[in-house]
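Here is the structure we will look at.
Coordinate-derived values only; no laboratory data. Please read these numbers as outputs of a predicted model, since none were measured by experiment. Cβ sites come from the backbone with ideal geometry, for glycine too, and all protein chains shown count toward neighbours.
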Amino acid sequence: MGKVIGLLEKLGLVTTAGTEDVAGDGPTSTPDSSSSGGPAVPSGAPPVTPVELDVAALERQPAGEEYALEQVYASAGIQPPAHGFTVYRLIEMLEAEEFRGMDAATRARVIAGMLRRLPTGAVAIDDIVRDAAARDRALDAFERFLADRVTRQLQDADEKNRVLQAQIEELTKANTVLMEANRAAVEAERVRLERWLVRKRAEEDRLFDAVQPFVEDNPISRQAPGAPAAKR
């Protein structure tokens, strides 16, 4: 078990003086706290309470900026156990090279033995499980928070778009009226021009006929409706 002892030293959990059989199958230089007059082995952490996120703090996050896991856990009010041994310390141990050759059951037994014989006091595995469960609940709650916010923003966007669409339709209707009025105004001017051309031709005919007997080259131009004016 030399490698395991080395891991304990690396994690700062034991010293090497006389340490033996950390799995709990034999004596160890780190006495069980219950037999040495130290603090009793924890009987287990209290049940995990429902997670309530600090929504106000989360809402202050700038749009588009990712949330860190630490923010999520902090918003859920998650605190490490009193002994400070969180699930992340357990993960660190499980991923240690010293345990790679062990099967899952043996690894769990060895780690459980190590936790019962920590110099700072025994750590109940239930505490670590509850820490992990609390973090999982925080992650689930945060997922609901984000999903609810997406739903709210979708509803808000739909309502705003509905208003905008109504404004577009109203503006389209108003502009259609204006466009029709513009076309009507042009048509009225075209009709007036046609009427004027008829009157103009009649007046030019009168003027042409009046001076025709007195000139060889009549200076009066006569123009058919829609035809270009004759040059003098």
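Here are the numbers for this structure:
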{"read-out": "Length released on extending from R192 to A108, taking residue separation times 0.36 nm less the Cα-Cα span", "value": "20.2 nm"}
{"read-out": "Ranked list, fewest to most other Cβ atoms within 10 Å of each Cβ, for T106, T86", "value": "T106, T86"}
{"read-out": "Residue (of A141, M179, P219) at the positive-pole extreme of the range 140-224, dipole from beta-carbon charges", "value": "P219"}
{"read-out": "Inter-centroid distance (Cα atoms) of the range 51-98 relative to the range 137-171, Å", "value": "28"}
{"read-out": "Förster radius 45 Å - calculated FRET efficiency between S221 and A174 (Cβ-Cβ, nearest 0.05)", "value": "0.45"}
{"read-out": "Table column - 3J(HN,Hα) (Hz), the range 124-140, Karplus curve with 6.51, -1.76, 1.60, x for Gly and Pro", "value": "6, 4, 4, 4, 5, 4, 5, 4, 5, 5, 5, 5, 5, 5, 5, 5, 5"}
{"read-out": "Label point at L69 placed 7 Å out along Cα→Cβ; residues across the range 100-137 whose backbone nitrogen lies under 12 Å", "value": "132, 135-136"}
{"read-out": "Cα Rg, Dmax, the range 49-132, angstrom units", "value": "16.7, 48"}
